[in-house]
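Here is the structure we will look at, set down as structure tokens.
The values are calculated or read from the model by the stated rules, or taken from the named source; none is laboratory data. Just so we're clear, the structure is a prediction, and the values are computed from it rather than from any experiment. Here Cβ is always computed from backbone atoms with ideal geometry, including for glycine, and neighbour counts include all displayed protein chains. SASA here: full protein model, heavy atoms, side chains in, ligands and nucleic acids out. Shrake-Rupley method; radii C 1.70, N 1.55, O 1.52, S 1.80 Å.
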Amino acid sequence: MAFYHLTLQQPTSIFQSIKGNFIQAGKEDLVVSNGRVLTLYCLASHSLIETTNLDTFGFIKSVCLLRLPSEDRDLIAVLSDGGFLSLIKFNSHNQKLDCVLQQKVTEKGFKRTQPGQMMISQKQTLLISAIESSLLALTIQKATSKYSIEKTISFKSQRLCSFFLDVCWSSLNDTFFTIEIDCKNSIGTTNLVEYQIGNQFQNIQEKKRTIIDKTSNLIINVPNNEKFKINGGLIMCAEEKVSYFNQSQQEEKSISIPIRENCKQLQKCQNINCGIYCFSEESESNFLKYHFLLQNDLGDLYKLILTFDSNSSINNLMISYFDTIPISTDLILIGKNYLFSSSNFSTHFYYKITNWGNKIENEMYPTNEEEIKMYKLNDELKSLNLINDLVNISPLIDCQISQIQSQIETNQSTISRDHFKTNIYCLTGTSMNSTVQMLEYGIPITELNDFKIPIEDKPTGIWTLKSKIFDQFHEYLIISFSSFTLLFQINGKKLIPILETNLLDLTVQTLQIQLMLDNSVIQIYPNGIRHMKQNEVVNWSPLNQQKIDHCVTNPIQIAISINNTYLAYFELLKDGNLPEIEKIEFQNICSMDLITNFNFTQINLKENDNIKNQNENINNNMEIETEKDINLNMINFNHYKSPFLIIGTNNNYLFIVSLFENAILHTITSITLESKPESVSLIKINTNLDSLQNDGNSNRQQFNNKNNVNNDQKNDNNNHNDCTYFLNIGLENGILIQYLFNKSNIILNKPIFHQLNTNENKKFKFIKCQTQNENSIILISDSIWLISFINNKFLLAPLNNLEIEDLASFNQKEITEGFFGINSENILKYFSIEQNNKKFQESIIKLKTTPRKMITHQKTGTMFIILRDFIKTKNLENKNEQDYENEKALNKEKSKDIWDSKILIIHPNEPNNFLYQQFLEKDEIGYSISILENKNIYYLVVGSACSVTLKPRSCKHGYITIFKILDDSQLKFITKIKVPNIPYCIQVKNNHIIAGIGSSLIIFQFIRNQIFIKTEFNNNNSNNDNNNDKLLNFVVSLSIEKDLIFVGDITKSIFIFQYSNNKLKLYAKDNVPRFITTHLTSKNLLFAGDKFGNLLIYKIPEKKLSNNNFNFLNQKLSLSSTFLLNDLLNDSLSLNLDKIGYFHIGEMINSIQQIQFGGSNLIFYSTILGTFGILIDITSNIQINFFSQLQMLLKKKIKTVSGNDNLDWRSYYFPHKGIIDGDFSELFFTLKEKDQLAIAEKMEIPLIEILKQLQNMRNKIL
């Protein structure tokens, strides 16, 4: 047995962010570090678009920008925990980040004296500093196309203990400054130290050391300005002032930082340090002025301006309050008008600066004013406009999954079906930044508008139409009904109805609308085809009043089914006519499709340039304004033609039919399906799959030989040979089948299956579109799905919160890649897809107190949350300033602080989320929560403690309190019982309550509204008070499986107790001490996570104490049922847990749960940084051997950015076993084709089989 690990969501917290020209010269992009993942964002005026990401399989210590003099694009320098320096460059060909240089520069691991915590660059020099005493400098050079490290020098401080707070390059070459704390004595001094790299990069010398303000924490380089002959300097930020210092002219000026009104009261009452902790970026260097943005630890932004006189001396230093945003780790100014704010523990924001001018500067406070200015806090953003945000669920405090059974409506009745809506509820943030986030799996959409169409008839189709084929934007929207058609003009977010037009016949039902390559319009209706040319209308009708029942079109070709008996094929000629080319007998047609080319605009630009160049001799000022100026004879029609016609029939067959000139409507191949193909769709994807199938001769080659297709025809269609076709078939039984093939090798075998549709009354329907400039498909079934193939990776994911019957894609100036969708109630929805690679739709409920624990009532969907925060209760207004400066008085005051705790009841799916809140008693802290059901009555069980001390962990006493949950979701107090320690975790079963109380395990029974102690395991009565000699230290997690109780201890790992004869006996334990945070039992396995980011799997041993086994949950209450079982401390009486799986995640795991995705039972986990992952059970030895062999071969082809071997990373603390790294296996998609083929050859497996195996594992999470 083994498990396959996949990451659902990468960490959302951002530790460091940089900007640079990574994708294109002259265009700024953004790179963020999430601790172990690098993500590249393309910056747009309306949003942040994720371009690609890179898992380093290690910890990222620091990231910085590097620009070599010979290049026009920037590199990303990454230093990892493995001691490797990696240079990353964006590969525009395959849209991914490539490692162009990797070299070990420091030792492995994290040490205070080991360089790596801070890294900065200047030209081709990198400077790396440690927290304490050490510096490392190196130069990068590029020879031909290879990068290398030319020189490396190191520096070790001779002082006993020197801590680096910040490092900054000087405006002078090879000179840099650091802020250091010199700990010669107990007080320590803060120094500004100047270093120089001397002797042609041979050593690092300390030039000067100056004592500065002890609260200084950040230095900012003011660059030189050669145009105005300004010698730059340094800006030093301290707690109450900002100073400018010029090292060459020995010039220094300071200015006090303005403070918020009532800031002193905030500092005293909320213990907030109002000192400035700044993050900055140069805004501009215009004339004799520099602009900077600073932020304090309250989130207030300040605008700082430096002005210089004509003698290049500092003239003035001005500062003013700018705006207030959440506290940031980095502020990145993009150009002059955009600001990106990243954070560890709040949402990341992308702003547009709307007030960056004279209004702010007129309110500035000049340098010569010594008085500290006060300012009022803005109620809302004044100078910034929020454009986009990136949701951050870090710190993730608690996570619960709710799966609620949904219902569907049919014409007969409302019936229930076996389909669950999965929501992930997360408690995130601290204090005022706390939230409850509900995440629904699927790609999020943005609904822009909706329109109600006042017609009772149901729509039969919807299309959008451009005025000309090569236009960028759509102009018309067409909606068809059973007996008429509606036409609208698209005007921004408005729709203008058109009642009379020659463009379409509005008095008939429309089956299909198509804009042809010559800008004529085709309207297909049941009685015929209407061809609207520029000056005339040409109608075509079937013979003998026959009806058209199915049709498919593209800008050149039309195929129709007549009376379900005949198949007719039409083709646009270069003279603009649309003749019937071929007609054959073909019965039982139920679905058809052709290839459609979306890239008209790009192709047209090339052709127009050719036409313009040919006519330059006639008229140099000629401009192509309309497509009627283009000669159709100059366009290669084969580029727009589909070489195949896909046909599905009612008798469960699928046919691929040729549309080549010499073999029109000849069947190439056919397959038998298990059900009727309701809908089919064929698209081209930008992947070459030649040689994917290397078994046997292709049917296509046999067909070419049989029909003697000439070489000229083959050459005309080379563009089709170089791509791959992606065939999707939706069956009547709800199964989606997918095939990959190319033109030269049409073999439909080994398909990929997905069970998507669970509603028999809902049919499959495919709509082609473009997302992120890639050919994609929207699949409409009982849910809406996006099918795409991006960066050699297949994507199948649901679209959230969308219920429509049909849709059409469109482009407008305001939004590209938008959609019109219409539902069964004739409501027209106007929406867009945010990002294909975004996997969750978020909805957020804001809180004002830190959430700690939650539980969801599955029956009602109500959520119960324990909130608690640390507060002060003493009145501080009577204290003078000297009392607060006295450390003893301050510590004495802190000892009187208490906690505020309450229970919040919300319904996350209702408009009014907050239902009720129950306050606990004064100084009582809620720790644990659970729901107990007794005789169909639901009770809320709460564990709490009074007078808690965090270090050492202790309390006066604890409580187990029971509330009755009323029908209106309010709570009614029933009873409570006092316990000796903190009840950190609680589990319930029937009318029993199992509680982990400190180092004790106690079982209670709830009868007749009273709580009784049934039995107890307590090892606190040992003669030796040493925690190491106790069996349990502090219980942090509990679970129950029949008569076994599973206990997770904070330092002692996992224990299993058996309830037998009203006693708790130690049944099994893990002999290796581990810092357990959470665990889960599933069948005969136990999954656990620890605080160091390790995922553990244990096999529960067979029962040893089998003589008197029975289920304690069915036992009646017994008097005198408290037992102290110290005799069970003997290890010989217990079994040892067998560890069958170990896997290093890299982040503290705080939740493990079992969920159902796509009909499969999966193990789901979450981490404190917001990572979601799953474990898929693999029972086949063939699959296990396949993935093991694949990973061994991948290790030889792939070098991780961190320099760590993948096996070393997953074995960070203990040897990796039992879990296959699916994230590493999926890097197979990023390899070059020759490397993929080499691996397939060594594995003796066709390449397409490897791709399908990887995709099938990913599909299990749908």
Does S133 satisfy the condition of being at pLDDT 85 or above, surrounded by fewer than 22 Cβ atoms within 10 Å (Cβ to Cβ) and of a type in the set (S, T, N, Q)?
no
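Residue-wise test of (1) among the hydrophobic types (A, V, I, L, M, F, W, C); (2) modelled with pLDDT of 90 or more; (3) assigned to a strand (DSSP E or B); (4) open to solvent by less than 30 Å² (accessible area, probe 1.4 Å).
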{"residue": "S1037", "(1), (2), (3), (4)": "no, yes, yes, yes"}
{"residue": "I1040", "(1), (2), (3), (4)": "yes, yes, yes, no"}
{"residue": "G1048", "(1), (2), (3), (4)": "no, yes, yes, yes"}
{"residue": "I1056", "(1), (2), (3), (4)": "yes, yes, yes, yes"}
{"residue": "K1104", "(1), (2), (3), (4)": "no, no, no, no"}
{"residue": "L1119", "(1), (2), (3), (4)": "yes, no, no, no"}
{"residue": "L1128", "(1), (2), (3), (4)": "yes, no, no, yes"}
Which numbered condition E760 fails, given (1) modelled with pLDDT under 75; (2) surrounded by fewer than 20 Cβ atoms within 10 Å (Cβ to Cβ); (3) over 17 Å from P677 (Cα atoms)
(3)
So which residues in region 350-365 are open to solvent by 30 Å² or more (accessible area, probe 1.4 Å) and either at pLDDT 80 or above or assigned to a loop (DSSP other than H, G, I, E, B) (or both), if there are any at all?
K352, T354, N355, W356, E363
With region 1208-1259 as the region, which helices (runs of 4 or more DSSP H) entirely inside it contain at least 3 residues that are at pLDDT 90 or above and open to solvent by less than 10 Å² (accessible area, probe 1.4 Å)?
1222-1225
Among what's in region 484-509 and is among the polar types (S, T, N, Q), within 15 Å of W463 (Cβ to Cβ) and in a strand (DSSP E or B), pick the residue that is farthest from the chain's Cα centre (by Cα).
T485
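Yes/no matrix, rows are residues, columns are (1) touching a Leu at 6+ places or on another chain (Cβ under 6 Å); (2) assigned to a loop (DSSP other than H, G, I, E, B); (3) modelled with pLDDT of 90 or more:
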site	(1), (2), (3)
I372	no, yes, no
N378	no, yes, no
I387	no, no, no
D398	yes, no, yes
S406	no, no, no
N411	no, yes, no
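Within region 1196-1207, track down each residue that is without any contact (Cβ under 8 Å) to a residue 24 or more places away in the chain, open to solvent by 70 Å² or more (accessible area, probe 1.4 Å) and of a type outside the set (A, V, I, L, M). Lay out the reasoning, then the answer.
Of the residues in region 1196-1207, the ones without any contact (Cβ under 8 Å) to a residue 24 or more places away in the chain are 1196, 1205, 1207.
Then keep just the ones that are open to solvent by 70 Å² or more (accessible area, probe 1.4 Å); that gives 1196, 1207.
Within region 1196-1207, K1196 is the sole residue that qualifies.
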Across region 184-212, what is the total count of residues that are open to solvent by 40 Å² or more (accessible area, probe 1.4 Å), at pLDDT 75 or above and either in contact with a Ser or Thr (Cβ under 6 Å, 6 or more places away or on another chain) or of a type outside the set (S, T, N, Q) (or both)?
6
For region 839-846, does any single residue satisfy the condition of being closer than 30 Å to I1248 by Cβ and either modelled with pLDDT under 85 or open to solvent by less than 50 Å² (accessible area, probe 1.4 Å) (or both)?
yes
Filtering region 307-337 down to residues that are touching a Leu at 6+ places or on another chain (Cβ under 7 Å) and part of a strand (DSSP E or B) yields T307, F308, I314, L317, I319, F322, D323, T324, L331, I332, L333, I334
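Report the residue count in region 64-87 for those that are in contact with a Leu (Cβ under 9 Å, 6 or more places away or on another chain) and either over 18 Å from T125 (Cβ atoms) or part of a loop (DSSP other than H, G, I, E, B) (or both). So that I can check it myself, show each step before the final result.
First, pick out the residues of region 64-87 that are in contact with a Leu (Cβ under 9 Å, 6 or more places away or on another chain): 64-68, 74-79, 85-87.
Within this subset, residues satisfying the condition of being either over 18 Å from T125 (Cβ atoms) or part of a loop (DSSP other than H, G, I, E, B) (or both) are 67-68, 74.
Here the count works out to 3.
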Just give me the residues in region 941-980 being among the acidic types (D, E) and either within 24 Å of N1019 (Cβ to Cβ) or touching a strand residue (DSSP E or B) at 6+ places or on another chain (Cβ under 9 Å) (or both), in sequence order.
D968
Of residues in region 545-570 being open to solvent by less than 40 Å² (accessible area, probe 1.4 Å), without any contact (Cβ under 8 Å) to a residue 40 or more places away in the chain and out of contact with any Phe, Trp or Tyr (no Cβ under 9 Å at 6 or more places or on another chain), the one nearest to I589 (Cα to Cα):
I562
Just one of L54, L6, L40 is touching a Phe, Trp or Tyr at 6+ places or on another chain (Cβ under 7 Å) and either open to solvent by 10 Å² or more (accessible area, probe 1.4 Å) or part of a strand (DSSP E or B) (or both); which is it?
L40
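Against the definition (open to solvent by less than 30 Å² (accessible area, probe 1.4 Å), under 29 Å from I153 (Cβ atoms) and not in a strand (DSSP E or B)), how does G20 come out, yes or no?
Details: open to solvent by less than 30 Å² (accessible area, probe 1.4 Å): yes; under 29 Å from I153 (Cβ atoms): yes; not in a strand (DSSP E or B): no.
In short, no.
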Look at region 435-446 and say how many of its residues are touching a Leu at 6+ places or on another chain (Cβ under 7 Å) and surrounded by fewer than 22 Cβ atoms within 10 Å (Cβ to Cβ).
2
Take the conditions closer than 26 Å to Q9 by Cβ and either open to solvent by 20 Å² or more (accessible area, probe 1.4 Å) or in contact with a strand residue (DSSP E or B) (Cβ under 7 Å, 6 or more places away or on another chain) (or both) and apply them to L828. Does it pass?
no
Any chance region 868-882 includes a residue that's over 26 Å from I479 (Cβ atoms), open to solvent by less than 50 Å² (accessible area, probe 1.4 Å) and modelled with pLDDT of 85 or more?
yes
Of all residues in region 140-158, which are within 35 Å of the chain's Cα centre (by Cα), open to solvent by 10 Å² or more (accessible area, probe 1.4 Å) and not basic (K, R)?
S145, Y147, S148, I149
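Considering only residues that are closer than 12 Å to I462 by Cα, open to solvent by less than 40 Å² (accessible area, probe 1.4 Å) and part of a loop (DSSP other than H, G, I, E, B), which ones fall in region 794-825?
Start the filter on region 794-825 by keeping residues that are closer than 12 Å to I462 by Cα, which leaves 804-810, 819-823.
Applying the additional criterion that residues be open to solvent by less than 40 Å² (accessible area, probe 1.4 Å) yields 804, 806-810, 819-823.
Selection gives I804, N823.
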Taking N1094 as the residue in question, decide whether it is under 30 Å from the mean Cα position of the chain (by Cα) and in contact (Cβ under 8 Å) with a residue 60 or more places away in the chain.
yes
Kindly evaluate L65 against the criterion of being under 29 Å from N1206 (Cα atoms), buried (at least 20 other Cβ atoms within 10 Å of the Cβ) and not small (G, A, S).
no
Only one of K89, K108, K96 is in contact with a helix residue (DSSP H, G or I) (Cβ under 7 Å, 6 or more places away or on another chain), farther than 18 Å from I197 by Cα and open to solvent by 40 Å² or more (accessible area, probe 1.4 Å). Can you tell me which?
K96
For region 1176-1195, which residues satisfy the criterion of being outside any helix (DSSP H, G or I) and open to solvent by 50 Å² or more (accessible area, probe 1.4 Å)?
D1177, T1179
Is it fair to say S256 is modelled with pLDDT of 85 or more, closer than 28 Å to N378 by Cβ and surrounded by fewer than 17 Cβ atoms within 10 Å (Cβ to Cβ)?
yes
